[in-house]
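What follows is a short report on a single structure.
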Amino acid sequence: MSEAKEVGIGMIGYGMMGRAHSYAYTALPVMRRLPVKPTLVILSGRDREKVQQAATNYGFDTWTTEWRDVIKSPDVQVVDICTPPGTHTEIATAAAEAGKAVICEKPLSVTYLQAAQAALAVKKAGVLNAVGFNYRRLPAVSLMKQMIDQGAVGHVRLWRATWLSDEFVDPRIPFDWRFDKSMGASTIADLGSHVLDLALWMVGPVEEVSGQSETFMRSRSNQNVTVDEASSALIHFESGALGVMEVARTAVRRPCDLTVEVNGDEGTLAFDYSRLNELRFGDGSDDPGVYGMRTIRAEHESHPYARNWWPIGQGVGYGASFVNHLGDLLERWPDGPWEPDFEHGARVQAVCQAIEESALGRRWVRLQELASPTLP
């Protein structure tokens, strides 16, 4: 068998997301047969010592403190953006204009306008593009989507999701970019974009929203905090379904608690990230004698992605979502299509911004109010 062709990866950003993506590229050839092999070419970061150490740890050939060097490298075919959201549009646009495929962490940007600009840039350049909504690639979540599409719950009536974190609980945490909305985006966009991706993927387009937000610690290190620390929203989908979303970074002893539930006219599906290899299913046609929810172990080889991992009972974790996500993209190299793409990322950003505007104005906001060339 001939050796797979190499695809050069240039990564911008070496923090947690940079580490997760690097792990995925390294694990992919071990866990999954692909038509190409990712090669870690160059890593970029602002701190010379830290990016040099990260490049060594992650397995990159070289490193730089100038992100434009990544885009200029002739050995790079894919630019992977793992920087704060406020930098995404500029970097993604430059990469697209250089003819590089672009993978960008979520949220696609800070505002809907910026996200739409990024989506238009990759469309104009005709390059492959994708947003890092990795949670949809967990086997149990992908199975949830599959079962919805197959009619397991009937017509979807209700959708709800929560993402509770204790990231901002400690008042002694000093001010950094996460507390600056222009750089780190809102909590609605940072955490909420993941669950709203699932909402649009599973239920369909959103018609209108009503949101509320609060910032409990309004100052850190004598600087104003401009992000929401907790937000929630009521959602009307175009299909007629109703939704509820809550995201917070102030929930004590809630490290990363994500839940998603869908109720249809014939059944219920529920996912809890703390038991990420399981999916709960309530079938309305079950014998009343076994009334309740059954637990599906989403590890059988018939389930999405499970065949690429360990024997049933061993489970997968957070890192597997990145391996599955990036594996799906490289499996379609170089022709594509890639999904979820920037246009979908902009649609998610539109819902985020509508919730932000609703919370600020204390009113329902229709998505049509934010119409742009990236929306129908």
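The values are calculated or read from the model by the stated rules, or taken from the named source; none is laboratory data. In this text, all values refer to a predicted model and were calculated from it rather than measured experimentally. With ideal geometry, Cβ positions are generated from the backbone for all residues, glycine too; neighbour counts draw on all protein chains shown. Accessible surface is based on the protein model in full, side chains and every heavy atom, while ligands, DNA and RNA are left aside. Shrake-Rupley method; radii C 1.70, N 1.55, O 1.52, S 1.80 Å.
For (1) closer than 24 Å to residue 341 by Cα; (2) out of contact with any Cys (no Cβ under 7 Å at 6 or more places or on another chain); (3) outside any helix (DSSP H, G or I), each residue gets a yes or a no:
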position: 23; (1), (2), (3): yes, yes, no
position: 41; (1), (2), (3): yes, yes, yes
position: 57; (1), (2), (3): no, yes, no
position: 76; (1), (2), (3): yes, yes, yes
position: 88; (1), (2), (3): yes, no, no
position: 93; (1), (2), (3): yes, yes, no
position: 96; (1), (2), (3): yes, yes, no
position: 102; (1), (2), (3): yes, yes, yes
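Reported count of residues in region 200-230, each being of a type in the set (D, E, K, R), without any contact (Cβ under 8 Å) to a residue 60 or more places away in the chain and out of contact with any strand residue (DSSP E or B) (no Cβ under 6 Å at 6 or more places or on another chain), is 2.
Just one of (1) among the basic types (Lys, Arg); (2) in contact (Cβ under 8 Å) with a residue 60 or more places away in the chain; (3) closer than 17 Å to residue 215 by Cα fails for residue 157. It is (3).
So, residue 94, is that one closer than 23 Å to residue 333 by Cα and either open to solvent by less than 30 Å² (accessible area, probe 1.4 Å) or modelled with pLDDT of 95 or more (or both) or not?
Details: closer than 23 Å to residue 333 by Cα: yes; either open to solvent by less than 30 Å² (accessible area, probe 1.4 Å) or modelled with pLDDT of 95 or more (or both): yes.
Criteria met by residue 94.
Per the listing 59, 18, 10, 45, the residue uniquely touching a residue at least 24 places away in the same chain (Cβ under 8 Å) and either among the aromatic types (Phe, Trp, Tyr) or open to solvent by 30 Å² or more (accessible area, probe 1.4 Å) (or both) is 59.
Pairs meeting the criteria (first residue in region 117-128 and free of Cβ contacts under 8 Å to residues at least 24 places away in the same chain, second residue surrounded by 22 or more Cβ atoms within 10 Å (Cβ to Cβ), beta carbons under 9 Å, at least 6 apart or on different chains) are 126/96. Of everything listed in (1) in a loop (DSSP other than H, G, I, E, B); (2) buried (at least 21 other Cβ atoms within 10 Å of the Cβ); (3) touching a Ser or Thr at 6+ places or on another chain (Cβ under 8 Å), the single unmet condition for residue 340 is (3).
In summary, residue 231 fulfils each of the numbered conditions (1) more than 19 Å from the chain's Cα centre (by Cα); (2) open to solvent by less than 40 Å² (accessible area, probe 1.4 Å) with the single exception of condition (1). Taking the conditions exactly as written (aliphatic (A, V, I, L, M) and closer than 26 Å to residue 347 by Cβ), does residue 251 satisfy them or not? The answer is no for residue 251.
Which members of region 61-91 meet the condition of being of a type in the set (S, T, N, Q) and either modelled with pLDDT under 95 or touching a Ser or Thr at 6+ places or on another chain (Cβ under 6 Å) (or both)?
We begin by selecting, within region 61-91, every residue of a type in the set (S, T, N, Q); these are 62, 64-65, 73, 77, 83, 87, 89.
Selection gives 64, 89.
Is it fair to say residue 334 is assigned to a loop (DSSP other than H, G, I, E, B), touching a residue at least 40 places away in the same chain (Cβ under 8 Å) and open to solvent by less than 20 Å² (accessible area, probe 1.4 Å)?
Working: assigned to a loop (DSSP other than H, G, I, E, B): yes; touching a residue at least 40 places away in the same chain (Cβ under 8 Å): yes; open to solvent by less than 20 Å² (accessible area, probe 1.4 Å): no.
Here the answer is no, as residue 334 does not meet what is asked.
Residue count for region 279-314 satisfying the condition of being open to solvent by 40 Å² or more (accessible area, probe 1.4 Å), over 19 Å from residue 156 (Cα atoms) and in contact (Cβ under 8 Å) with a residue 24 or more places away in the chain: 2.
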